[in-house]
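Visitor: Below you'll find the structure I mean.
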Amino acid sequence: MARDLFGDLSEWGRVLDQLEQLRSAGQLDEHQAGLARILRFRQNWQLTERVLLLAAGIRQSNDLLTAEVVHILADAEADIGTRILAAKAIGHLLRHRPNQGTSRGFDPDRVIQNMKATGAASNMPALQRAVTDALASVAGASIARN
């Protein structure tokens, strides 16, 4: 795994440029720990949304990034648009999850249960639709289990 090259996340313009360079170079997979750190930062919506959009370019997801995206989906205080992007990202990341062996308790089945609960508890039709679509995309896929 590559080191986290993003540095000071408050320099968000520079970080956005780095994200674009990684996307263009096809190197997002190697920087998932840094992408997860950006999602934990939560002090700049542009960074959060950009990482959620870039998740669609991940070829082999890791559990660390997926778990951070799950936290955003489950955060009732997060912006609805951000939560919708998170639902879409989770659908992609779960479908692109290789078997990662023992990974400190990450359970794809539990993620799916949490997604269902989030969709059912939401009174926002757009979020419910995004969760339903993500679940449908995962339902037909072979999800690697630990």
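Visitor: Asn123 is checked against (1) assigned to a helix (DSSP H, G or I); (2) more than 12 Å from the chain's Cα centre (by Cα) and fails just one. What number does that condition carry?
Guide: Of everything listed in (1) assigned to a helix (DSSP H, G or I); (2) more than 12 Å from the chain's Cα centre (by Cα), Asn123 misses just condition (1).
Visitor: Going through Val131, Val111 one at a time, which residue ends up being of a type in the set (Val, Ile, Thr), modelled with pLDDT under 95 and either out of contact with any Ser or Thr (no Cβ under 7 Å at 6 or more places or on another chain) or part of a helix (DSSP H, G or I) (or both)? Quick ask: steps written out before the conclusion?
Guide: Values: Val131 fails: modelled with pLDDT under 95.
Checking each option against the conditions leaves just Val111.
Visitor: What single numbered condition from (1) basic (Lys, Arg); (2) under 17 Å from the mean Cα position of the chain (by Cα); (3) modelled with pLDDT of 95 or more fails to hold for Arg42?
Guide: Checking Arg42 against (1) basic (Lys, Arg); (2) under 17 Å from the mean Cα position of the chain (by Cα); (3) modelled with pLDDT of 95 or more, the one that fails is (3).
Visitor: Just to be sure I understand, how many residues within the stretch 10-30 are more than 17 Å from the chain's Cα centre (by Cα) and basic (Lys, Arg)?
Guide: Counting residues in the stretch 10-30 that are more than 17 Å from the chain's Cα centre (by Cα) and basic (Lys, Arg) gives 1.
Visitor: Any idea which residue in the stretch 1-35 is surrounded by the most Cβ atoms within 10 Å (Cβ to Cβ), counting only those that are of a type in the set (S, T, N, Q) and not in a loop (DSSP other than H, G, I, E, B)? First the steps, then the outcome.
Guide: First, the residues of the stretch 1-35 that are of a type in the set (S, T, N, Q): 10, 18, 21, 24, 27, 32.
Retained after the next criterion (residues that are not in a loop (DSSP other than H, G, I, E, B)): 18, 21, 24, 32.
Details: Gln18: 16, Gln21: 11, Ser24: 8, Gln32: 24.
My answer is Gln32.
Visitor: When Thr82 is evaluated against the numbered criteria (1) surrounded by fewer than 15 Cβ atoms within 10 Å (Cβ to Cβ); (2) of a type in the set (S, T, N, Q); (3) modelled with pLDDT of 95 or more, which criterion, by number, is the only one it fails?
Guide: Result: Thr82 fails condition (1) only.
Visitor: Can you find even one residue in the stretch 36-43 that is closer than 16 Å to Arg97 by Cα and part of a helix (DSSP H, G or I)? So that I can check it myself, show each step before the final result.
Guide: As a first pass, look at the stretch 36-43 and keep what is closer than 16 Å to Arg97 by Cα: 36.
Those still in the list that are part of a helix (DSSP H, G or I) too: 36.
Yes, the stretch 36-43 contains at least one residue that is closer than 16 Å to Arg97 by Cα and part of a helix (DSSP H, G or I).
Visitor: Okay, moving on. Being among the aliphatic types (A, V, I, L, M) and farther than 26 Å from Gln128 by Cβ is true for just one of Leu22, Leu54, Leu93, Leu85. Which residue is that?
Guide: On the way: Leu54 fails: farther than 26 Å from Gln128 by Cβ; Leu93 fails: farther than 26 Å from Gln128 by Cβ; Leu85 fails: farther than 26 Å from Gln128 by Cβ.
Exactly one of Leu22, Leu54, Leu93, Leu85 is among the aliphatic types (A, V, I, L, M) and farther than 26 Å from Gln128 by Cβ, namely Leu22.
Visitor: Among residues belonging to the stretch 44-69 that are out of contact with any Asp or Glu (no Cβ under 7 Å at 6 or more places or on another chain) and in a loop (DSSP other than H, G, I, E, B), point out the one that is farthest from Arg3 (Cα to Cα).
Guide: Asn44
The values are calculated or read from the model by the stated rules, or taken from the named source; none is laboratory data. Computed from a prediction, not measured in an experiment: that's the story for all the values here. Reconstructed Cβ throughout: ideal geometry from the backbone, glycine too, with neighbour counts over all protein chains shown.
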